[in-house]
1. Being over 19 Å from the mean Cα position of the chain (by Cα), closer than 19 Å to Gly130 by Cβ, small (Gly, Ala, Ser) and in a helix (DSSP H, G or I) is the requirement here; does Gly88 meet it?
2. Taking the options Leu69, Leu44, Leu59, name whichever one is aliphatic (A, V, I, L, M), open to solvent by 20 Å² or more (accessible area, probe 1.4 Å) and in contact with a Gly (Cβ under 8 Å, 6 or more places away or on another chain).
3. Restricting the search to the stretch 33-49, which residues are in contact (Cβ under 8 Å) with a residue 60 or more places away in the chain and part of a loop (DSSP other than H, G, I, E, B)?
4. Being among the small types (Gly, Ala, Ser), open to solvent by 30 Å² or more (accessible area, probe 1.4 Å), assigned to a helix (DSSP H, G or I) and free of Cβ contacts under 8 Å to residues at least 60 places away in the same chain is the filter here; which residues of the stretch 1-24 pass it?
Amino acid sequence: MSEALDFLAALPGWAVYLLLGAGAAIENLDPPIPADTFVVVAGLLASRGVVEFWAAGLLTWTANVAGALIVYRMGDRYGRGFFEQGAGRWVLRPGQMRRIERFYARWGTLAIFFARFLPGLRAVVPAFAGISHHGFWRTAIPVSVASAIWYVGLLWVGVVAGRNLEAVEAWLSDTQRLLLAVTVVLVVAVGVWWWRTREGLEDGA
């Protein structure tokens, strides 16, 4: 990480902000890329005076939320057709889709909020909110609030840790492992639900 910080610190200011914003946004389209790392790096750069704390925070937050809402809109516009007529019809049956819609109608806002803290699920949950035609503001508000809480915390970690890169790397690694474990448990639970509802499920269920 030290080499990456030195590389970014040598770039023009606009290029640094551009890379931080792109890193925060792209996670919504490519979940394996962790936006958390980019936000912590932004905090570290702020501690060195390379970027402004609030400017970096506002940029990464805006980029991440915008990316999530783009995914939501894509799901809202194209997702239903993919699962009804495209290859997705082999993944989810009509009855399963209706169950997902009922889940979002009842728990969608809370699910979206908590999913923003979990790697991988951050991109999937807004997408299915769109596919389920969950309301735009009922999606945008929890995405925005949860991302703001999480990103301010990550920026603060980067600033407080300052140049102690080993402490930052250790904390980030431990945190990501914990959140990944929670994500895996939830994914397994969803997989069990999918399997149990797959067979013998009437289309109208």
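The values are calculated or read from the model by the stated rules, or taken from the named source; none is laboratory data. Just so it is clear, the model here is predicted, and its values are computed rather than measured. In this analysis, Cβ positions are derived from the backbone assuming ideal geometry, glycine residues included, and neighbour counts consider all displayed protein chains. Surface accessibility is based on the protein's heavy atoms, side chains included, excluding ligands, DNA and RNA. Shrake-Rupley method; radii C 1.70, N 1.55, O 1.52, S 1.80 Å.
1. Values: over 19 Å from the mean Cα position of the chain (by Cα): yes; closer than 19 Å to Gly130 by Cβ: yes; small (Gly, Ala, Ser): yes; in a helix (DSSP H, G or I): yes.
So Gly88 passes the test.
2. Details: Leu69 fails: in contact with a Gly (Cβ under 8 Å, 6 or more places away or on another chain); Leu44 fails: open to solvent by 20 Å² or more (accessible area, probe 1.4 Å).
One residue alone meets the criteria, Leu59.
3. Scanning the stretch 33-49 gives Pro34, Arg48.
4. Step one: list which residues in the stretch 1-24 are among the small types (Gly, Ala, Ser), which gives 2, 4, 9-10, 13, 15, 21-24.
Still in the list and also open to solvent by 30 Å² or more (accessible area, probe 1.4 Å): 2, 4, 9-10, 13, 22.
Subsequent filtering for residues that are assigned to a helix (DSSP H, G or I) retains 2, 4, 9, 13, 22.
Residues satisfying the conditions are Ala4, Ala9, Gly13, Ala22.
Yes/no per residue for (1) farther than 22 Å from Phe38 by Cα; (2) in contact (Cβ under 8 Å) with a residue 60 or more places away in the chain; (3) in contact with a Gly (Cβ under 6 Å, 6 or more places away or on another chain):
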{"residue": "Pro94", "(1), (2), (3)": "yes, yes, no"}
{"residue": "Glu101", "(1), (2), (3)": "yes, no, no"}
{"residue": "Ala105", "(1), (2), (3)": "yes, no, no"}
{"residue": "Arg116", "(1), (2), (3)": "no, no, no"}
{"residue": "Val124", "(1), (2), (3)": "no, yes, no"}
{"residue": "Ile141", "(1), (2), (3)": "yes, no, no"}
{"residue": "Val145", "(1), (2), (3)": "no, no, no"}
{"residue": "Ala148", "(1), (2), (3)": "no, yes, no"}
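So that you can scan it fast, the table gives a plain yes or no per residue for (1) hydrophobic (A, V, I, L, M, F, W, C); (2) surrounded by fewer than 19 Cβ atoms within 10 Å (Cβ to Cβ); (3) over 19 Å from Ile26 (Cα atoms):
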residue	(1), (2), (3)
Leu121	yes, no, no
Leu154	yes, no, no
Ala167	yes, yes, yes
Ala170	yes, yes, yes
Val190	yes, yes, yes
Trp194	yes, yes, yes
Arg198	no, yes, yes
